[in-house]
1. Starting from the amide H of W150, placed 1.01 Å from N in the peptide plane, find each other amide H under 5 Å away whose residue is 5 or more places distant or on another chain.
2. Quick one: accessible surface of V204, probe radius 1.4 Å, all protein chains present, in square angstrom to the nearest 10.
3. List, in order, the whole-Hz ³J(HN,Hα) value for each residue of region 182-190 obtained from phi through the Karplus relation with A = 6.51, B = -1.76, C = 1.60 and θ = phi - 60°; use x for Gly and Pro.
4. With the Cα gyration tensor of region 127-251 giving a ≥ b ≥ c as the square roots of its eigenvalues, does the rule (a/c under 1.5 for rounded; else a/b larger than b/c for prolate; else oblate) give rounded, prolate or oblate?
5. Using θ = phi - 60° and the Karplus relation 6.51 cos²θ - 1.76 cosθ + 1.60, list the HN-Hα couplings for region 126-131 in order, rounded to whole Hz, with x at every Gly or Pro.
6. If you take the alpha carbon radius of gyration of the chain and divide it by 2.2 N^0.38 Å, what ratio comes out, to two decimals?
7. Give the long-range amide H neighbours of C224: residues separated by 5 or more places, or on another chain, with amide H under 5 Å away, using H modelled in the peptide plane at 1.01 Å from N.
8. Show me, for region 164-174, the HN-Hα J-couplings you get by feeding each phi into the Karplus relation (A = 6.51, B = -1.76, C = 1.60, θ = phi - 60°), rounded to Hz, glycine and proline as x.
Amino acid sequence: MVSALLIFRRDQFLFSDRFASLEDALADGPGVLDLFSGSRGHASDLKKLGARWILCFDIKHHESEDLSLSSVQQSLVIKLTELGAFFAMGAGPVCASFSTAITPPARTLQYPQGVPWASPLQQQKNLAGNMQLLFILWLVRVCLRKRVIWWVENPDGSWIWRQTGELSWDAILRDPSVGDLRLDYCRFGTRWRKRTRFRTSSHVADQRCFCRCLEPHVVLRGRCKQAKMNYTQLAEAYPRGQPNSGSSSTD
C-alpha cells in the first residue's frame with residue numbers, strides 16, 4: 001500500500017508530527033482523502049487532531065491533481081479507496097454550474113442536468129459539473145461499501161442536491177448511516193451566513209446549526225476592500241471557529 005501511495009507527489013501529503021517520515025506515517029495505517037482541498041485548512045486541522053496522514057487533491061496546486069481526469073478518478077482515487085487506503089474521505093466539489101445564482105438559470109426543476117437552451121459555453125460547464133458529480137456519487141458508494149466515513153459539501157440550495165436519474169442521491173440516502181448536516185457559517189464566527197450542507201455518513205448527520213444573529217450579515221457580493229478580493233472568494237474557506245450563539249457584525 002505504501003508504494004501505491006508514493007506514486008503521488010510528496011507535497012500532496014500532510015502527515016502527523018509524531019512520525020519521522022511520510023513513509024512511516026503511510027505504513028502505520030489508513031489515512032484521509034481530501035478532495036478539492038483548496039487552501040488545505042481542513043487537512044491541517046485533521047493533522048492537528050491526530051490523523052496519520054492526509055492525501056490532498058486540488059488542481060489549484062498542480063495539474064496532476066485534476067479530478068476531472070478519468071485516469072485520476074479511476075486508477076488512483078477509486079482504486080485506493082477499494083484497497084482500503086483511507087478511513088475517511090471529504091469532498092467540497094466546485095459548485096459553479098450547480099449554483100442557483102447563475103442568471104439566466106442554467107438548471108431548472110424540469111432540467112436539473114442543464115437547460116437545453118443554455119449557451120454552448122454554459123452547456124460545457126453543465127456537462128463538466130455533471131461528470132464531476134457522477135464521480136463523487138461513484139466514490140461515495142465505494143466508501144459506503146468499504147465502511148469509509150465520508151462527507152460531501154456544497155451550498156445548501158445547490159443543484160447538486162436536486163438531481164434526478166443517474167445523478168440522483170436517492171439510493172445513497174436510503175442507507176441509514178447517511179444524513180445531512182446543515183449549518184450557517186455565521187454560527188462559526190463569519191460575518192456572512194452562507195448556509196451550507198454536508199451530506200455525510202459521520203456522527204454529525206441529521207444535525208442543524210442555523211443562524212441566531214441579531215445584526216445584518218455581509219452580503220457575498222462585490223469586493224472586500226480590506227482583503228482585496230471578492231466576497232465570494234473570501235467566503236470559500238471553511239470557518240475555523242467553534243459554534244456560537246452570538247451575533248454577526250458587518251463592515
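The values are calculated or read from the model by the stated rules, or taken from the named source; none is laboratory data. Predicted model only: the values in this text are computed from it and were never measured. Only protein heavy atoms, including side chains, enter the accessible area calculation; ligands, DNA and RNA are left aside. Shrake-Rupley method; radii C 1.70, N 1.55, O 1.52, S 1.80 Å.
1. M89, S201, S202
2. Counting only protein heavy atoms, V204 exposes about 40 Å² to solvent.
3. 10, 8, 10, 4, 4, 5, 10, x, 7
4. Numbers: a/c = 2.61, a/b = 1.69, b/c = 1.54.
In terms of gyration-tensor shape, prolate.
5. For region 126-131, the Karplus curve yields 4, 4, 4, x, 5, 5 Hz.
6. Numbers: Rg = 18.8 Å, N = 251, 2.2 N^0.38 = 18.0 Å.
Normalised Rg, Cα atoms only: 1.04.
7. M229, N230, Y231
8. Couplings: 10, x, 5, 9, 6, 8, 3, 5, 5, 5, 6 Hz.
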